[in-house]
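Okay, so here's the structure we're looking at.
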There are 2 protein chains.
Amino acid sequence: MKSKVRIALAGFGVVGGGTLQLLREHKADVESRVGAPVEVKWLLSRKKKPASLVGAGVRQTTNWRDIVNDPEVDCIVELIGGTEPARTMIVEALRAGKHIVTANKAVLSKHWNEIFGLAQARHKLVYFEAAVGGGVPIGQALNEGLAGNRIRKIAGILNGTTNYILTRMQEEDLPYATALKEARKAGFAEADPTFDIEGIDAAQKLSILASLAAGVWISPEHVHCEGISRLHDTDMRLIQDRLRSVVKLLAIAESTEKGWILRVHPTLVPRKHPFANVRNEFNAVSLHGNAAGDVMLYGKGAGRLPTSSAVLSDIIFLCRQIANGTAGELPYVTCPPHRKAIIARFD
Amino acid sequence: MKSKVRIALAGFGVVGGGTLQLLREHKADVESRVGAPVEVKWLLSRKKKPASLVGAGVRQTTNWRDIVNDPEVDCIVELIGGTEPARTMIVEALRAGKHIVTANKAVLSKHWNEIFGLAQARHKLVYFEAAVGGGVPIGQALNEGLAGNRIRKIAGILNGTTNYILTRMQEEDLPYATALKEARKAGFAEADPTFDIEGIDAAQKLSILASLAAGVWISPEHVHCEGISRLHDTDMRLIQDRLRSVVKLLAIAESTEKGWILRVHPTLVPRKHPFANVRNEFNAVSLHGNAAGDVMLYGKGAGRLPTSSAVLSDIIFLCRQIANGTAGELPYVTCPPHRKAIIARFD
């Protein structure tokens with residue numbers, strides 16, 4: 001057993017701040033679950049912060065090489081977001097023998113094979129529960145809770161912005177433009193909402209989930225993707241009253257005889273289906289296991305503390321393995337590369 | 001690393017047969033997830049079975065002492081059900097240095113403190129994912145996926161029989177007696193349904209979940225329990241149309257200022273709440289984490305393969321730790337005894 005695990009927090013924005021807060025508030029619990037104290041040795045941010053905010057004993061730097069080059073650091077928690085310098089830092093950290101926790105969907109979507117190829121070669125772990133589904137422990141369910149299953153279908157409401165807009169349109173008869181405006185006001189939509197509205201965010205998350213199930217990387221380029229911006233004139237009332245259904249932006253991955261098919265598009269969901277009551281900014285994912293049948297997970301897909309909760313559960317799971325000396329013994333826990341995925345065209 | 005993990009299957013009924021089937025079908029996958037082959041060395045059953053059914057190389061016995069006394073056995077998978085001889089076998093197995101996987105809610109409800117006290121003293125693990133929620137990976141979520149949270153409220157639809165009856169009463173306007181008869185026909189109710197109907201089954205499951213969250217055993221005796229048999233004359237249509245709600249038998253555990261309060265009773269659930277669309281024999285559990293917020297898990301709470309799926313995920317998680325030599329290093333993963341639960345009266 002290691003007597004202490006040392007981590008570096010890279011990024012001190014919304015999720016970085018939340019993660020540091022949880023690490024402090026749950027200090028005793030984290031230590032008992034890991035089996036050793038977890039020390040935040042470094043904080044990487046753009047500007048140095050007051051020590052009162054960061055805590056005594058935490059070193060600060062604005063240069064990521066400082067944390068990658070510190071041989072005492074066991075694990076880097078990457079929360080800076082975006083593709084660069086996140087990618088270079090992760091790659092150099094793996095080369096330097098460090099494990100990774102990340103919440104960064106963008107860097108995984110673009111550099112999956114490079115990152116996991118390197119992680120497997122070096123027997124390092126890369127955990128990313130927060131990158132898909134925020135506070136919903138979906139990666140843990142795929143990797144462990146449903147480990148006794150083959151997952152051949154995944155369907156989910158993976159984007160909170162579009163789900164919020166659709167819920168307001170349907171429940172309050174709002175036109176699309178008004179619902180979008182309200183989503184912005186409530187903090188659920190960006191100034192430029194294209195990434196969410198057009199289904200790109202959902203497609204990136206789906207590609208990550210499908211890759212976990214398939215055991216090989218399926219890029220978001222293979223996702224047939226249609227957003228909700230063409231629903232402007234859809235008669236939501238007719239859909240509800242006559243078809244007894246609601247419209248949801250579903251992300252669906254299926255293993256068929258032809259191979260995996262991945263798609264994101266607005267879908268009619270019967271009112272009695274569990275997805276129909278996934279409202280506002282909530283997310284849900286349904287996994288179809290050959291033994292367990294349909295298992296659905298539901299919760300907050302974004303936000304400071306839900307995302308930080310996922311980061312912290314990764315930190316705990318990883319640091320326990322670091323503490324007991326088994327981290328990286330089995331490469332499978334990130335993405336088992338034992339099958340070749342055939343990716344079918346959606347038509 | 002151990003080159004092989006040897007388990008004994010105790011019990012060859014519905015779940016025992018399902019577990020053996022899954023272990024065989026997923027052999028390569030199990031081995032890659034565990035990091036070593038998992039060999040079923042023994043099968044304990046009331047009568048010896050044909051070798052064609054059991055598989056070559058599996059020894060059979062009708063005496064549980066044979067598997068407890070075999071020093072090669074690392075883990076006993078207890079699927080015989082009931083309190084005896086299950087309790088004695090588990091206790092003797094722990095004393096003999098074996099880890100346990102069990103699907104047996106009854107034995108845990110009655111002998112929790114004895115079993116986990118012994119497990120902790122001997123640094124052995126007792127996993128029981130299948131004992132609550134069947135195929136729904138709720139224990140894994142509580143222990144790992146939401147490890148970065150304090151769970152202060154649990155609410156769930158934990159009994160498939162009553163949920164099936166209530167769904168049929170509400171959706172098809174059936175009287176209670178007819179719905180119960182149909183539940184029997186569909187295989188979702190026993191000849192004597194008291195255990196399910198009166199909420200005792202849900203209370204036992206709730207006490208297990210609350211104990212995991214509280215970190216100390218809260219016996220089902222502390223659960224205020226009211227079943228659905230007094231709903232005979234309830235006007236379901238009025239509840240649906242005028243109150244826009246459905247009736248669900250909810251099991252609720254809350255940590256309050258006075259202590260934990262546990263209760264099972266019929267509850268009005270608004271039609272737009274995620275619980276409202278948990279229909280027929282399905283189960284759902286909502287966990288309120290201080291960071292993640294409300295996280296719900298949904299799936300099949302019973303049945304041969306869903307239950308076997310949960311048993312197999314426990315086997316994989318446990319055998320990996322046996323293979324890499326860390327099983328039992330941390331006692332917390334079963335029930336962390338670091339807090340004293342104060343159990344409030346429900347009034």
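The values are calculated or read from the model by the stated rules, or taken from the named source; none is laboratory data. All of these numbers come straight from a predicted model, not from anything done at the bench. Here Cβ is always computed from backbone atoms with ideal geometry, including for glycine, and neighbour counts include all displayed protein chains. Heavy atoms of the whole protein, side chains included, go into the accessibility calculation; ligands, DNA and RNA do not. Shrake-Rupley method; radii C 1.70, N 1.55, O 1.52, S 1.80 Å.
Is it true that some residue in segment A:221-232 is over 26 Å from A:His111 (Cα atoms), part of a strand (DSSP E or B) and open to solvent by less than 20 Å² (accessible area, probe 1.4 Å)?
Checked segment A:221-232: no residue is over 26 Å from A:His111 (Cα atoms), part of a strand (DSSP E or B) and open to solvent by less than 20 Å² (accessible area, probe 1.4 Å).
Take A:Ala284 and decide whether it is buried (at least 22 other Cβ atoms within 10 Å of the Cβ), more than 15 Å from the chain's Cα centre (by Cα) and either outside any loop (DSSP other than H, G, I, E, B) or in contact (Cβ under 8 Å) with a residue 40 or more places away in the chain (or both).
On the way: buried (at least 22 other Cβ atoms within 10 Å of the Cβ): yes; more than 15 Å from the chain's Cα centre (by Cα): no; either outside any loop (DSSP other than H, G, I, E, B) or in contact (Cβ under 8 Å) with a residue 40 or more places away in the chain (or both): yes.
Here the answer is no, as A:Ala284 does not meet what is asked.
Can you pull out the residues in segment A:143-167 that are within 13 Å of another protein chain (Cβ to nearest Cβ), in a helix (DSSP H, G or I) and open to solvent by 10 Å² or more (accessible area, probe 1.4 Å)?
A:Asn143, A:Gly160
Using beta carbons and a limit of 7 Å, which pairs, at least six apart or on different chains, have the first residue in segment B:12-32 and under 12 Å from B:Val54 (Cβ atoms) and the second one assigned to a helix (DSSP H, G or I)?
Filtered contacts from segment B:12-32: B:Leu23/B:Val30; B:Leu23/B:Leu312.
Can you work out which of the residues in segment A:294-314 that are facing another protein chain (nearest Cβ under 7 Å) and open to solvent by less than 10 Å² (accessible area, probe 1.4 Å) is nearest to B:Asn149 (Cα to Cα)?
A:Ser309
Does B:Ala86 satisfy being touching a Gly at 6+ places or on another chain (Cβ under 8 Å), at pLDDT 95 or above, farther than 28 Å from B:Thr256 by Cβ and not charged (D, E, K, R)?
Details: touching a Gly at 6+ places or on another chain (Cβ under 8 Å): no; at pLDDT 95 or above: yes; farther than 28 Å from B:Thr256 by Cβ: yes; not charged (D, E, K, R): yes.
Against the criterion (touching a Gly at 6+ places or on another chain (Cβ under 8 Å), at pLDDT 95 or above, farther than 28 Å from B:Thr256 by Cβ and not charged (D, E, K, R)), B:Ala86 does not qualify.
Name the one entry in A:Glu72, A:Glu39, A:Glu92 that is out of contact with any strand residue (DSSP E or B) (no Cβ under 7 Å at 6 or more places or on another chain), over 21 Å from A:Arg304 (Cα atoms) and at pLDDT 95 or above.
Being out of contact with any strand residue (DSSP E or B) (no Cβ under 7 Å at 6 or more places or on another chain), over 21 Å from A:Arg304 (Cα atoms) and at pLDDT 95 or above holds for just one of A:Glu72, A:Glu39, A:Glu92, which is A:Glu92.
So is B:His99 under 24 Å from B:Cys319 (Cβ atoms), away from chain A (no Cβ under 14 Å), touching a residue at least 24 places away in the same chain (Cβ under 8 Å) and open to solvent by 10 Å² or more (accessible area, probe 1.4 Å) or not? So that I can check it myself, show each step before the final result.
On the way: under 24 Å from B:Cys319 (Cβ atoms): yes; away from chain A (no Cβ under 14 Å): yes; touching a residue at least 24 places away in the same chain (Cβ under 8 Å): yes; open to solvent by 10 Å² or more (accessible area, probe 1.4 Å): yes.
In short, yes.
Can you tell me which residue within segment B:168-201, out of those that are aliphatic (A, V, I, L, M) and part of a loop (DSSP other than H, G, I, E, B), is surrounded by the fewest Cβ atoms within 10 Å (Cβ to Cβ)? Full working, then the answer.
Kept after step one, since they are aliphatic (A, V, I, L, M), are these residues of segment B:168-201: B:169, B:174, B:177, B:179-180, B:183, B:186, B:189, B:191, B:197, B:200.
Remaining after also requiring part of a loop (DSSP other than H, G, I, E, B): B:174, B:186, B:189, B:191.
Details: B:Leu174: 17, B:Ala186: 13, B:Ala189: 21, B:Ala191: 5.
Across segment B:168-201, the extreme among qualifying residues is B:Ala191.
Here is a list: A:Pro193, A:Pro137, A:Pro175. Which entry is in contact (Cβ under 8 Å) with a residue 40 or more places away in the chain and more than 30 Å from B:Gly301 (Cβ to Cβ)?
Only one candidate passes the filter, namely A:Pro175.
Name the single residue that is farthest from the other protein chains (Cβ to nearest Cβ) among those in segment A:236-273 being among the hydrophobic types (A, V, I, L, M, F, W, C) and not in a strand (DSSP E or B).
That would be A:Leu238.
Could you tell me whether A:Asn277 is crowded, with 24+ Cβ neighbours inside 10 Å and more than 26 Å from B:Phe317 (Cα to Cα)?
no
Going residue by residue through segment A:292-310, is there one that turns out to be in a strand (DSSP E or B) and within 22 Å of A:Glu190 (Cβ to Cβ)?
yes
Go through segment B:261-274 and give me each residue that's open to solvent by less than 10 Å² (accessible area, probe 1.4 Å) and either in contact with a Phe, Trp or Tyr (Cβ under 7 Å, 6 or more places away or on another chain) or aromatic (Phe, Trp, Tyr) (or both).
Applying the first criterion (open to solvent by less than 10 Å² (accessible area, probe 1.4 Å)) to segment B:261-274 yields B:262, B:264, B:269.
Within segment B:261-274, just B:Val269 meets the criteria.
Restricted to segment A:72-105, and to residues that are out of contact with any helix residue (DSSP H, G or I) (no Cβ under 6 Å at 6 or more places or on another chain) and hydroxyl-bearing (Ser, Thr, Tyr), which residue is nearest to A:Glu329 (Cα to Cα)?
Looking at residues that are out of contact with any helix residue (DSSP H, G or I) (no Cβ under 6 Å at 6 or more places or on another chain) and hydroxyl-bearing (Ser, Thr, Tyr), I get A:Thr102.
Confirm whether A:Ala36 is within 14 Å of another protein chain (Cβ to nearest Cβ) and either over 26 Å from A:Gly303 (Cβ atoms) or surrounded by fewer than 19 Cβ atoms within 10 Å (Cβ to Cβ) (or both).
Yes: the conditions hold for A:Ala36.
Please verify whether A:Asn290 is touching a Ser or Thr at 6+ places or on another chain (Cβ under 6 Å) and within 13 Å of chain B (Cβ to nearest Cβ), treating the condition exactly as stated.
no
Those residues that are open to solvent by 30 Å² or more (accessible area, probe 1.4 Å) and either acidic (Asp, Glu) or within 11 Å of the chain's Cα centre (by Cα) (or both), I need them from segment B:104-131; list them, please.
B:Lys105, B:Ala106, B:Glu114
Name the residues in segment A:119-137 that are over 12 Å from B:Ala292 (Cβ atoms) and hydrophobic (A, V, I, L, M, F, W, C), would you?
Residues satisfying the conditions are A:Ala119, A:Ala121, A:Leu125, A:Val126, A:Phe128, A:Ala131, A:Val132.
Residues that are closer than 30 Å to A:Ala327 by Cα: list the strands (runs of 3 or more DSSP E) wholly contained in segment B:1-78 that include at least 2 such residues.
It comes to B:5-10, B:38-44, B:75-78.
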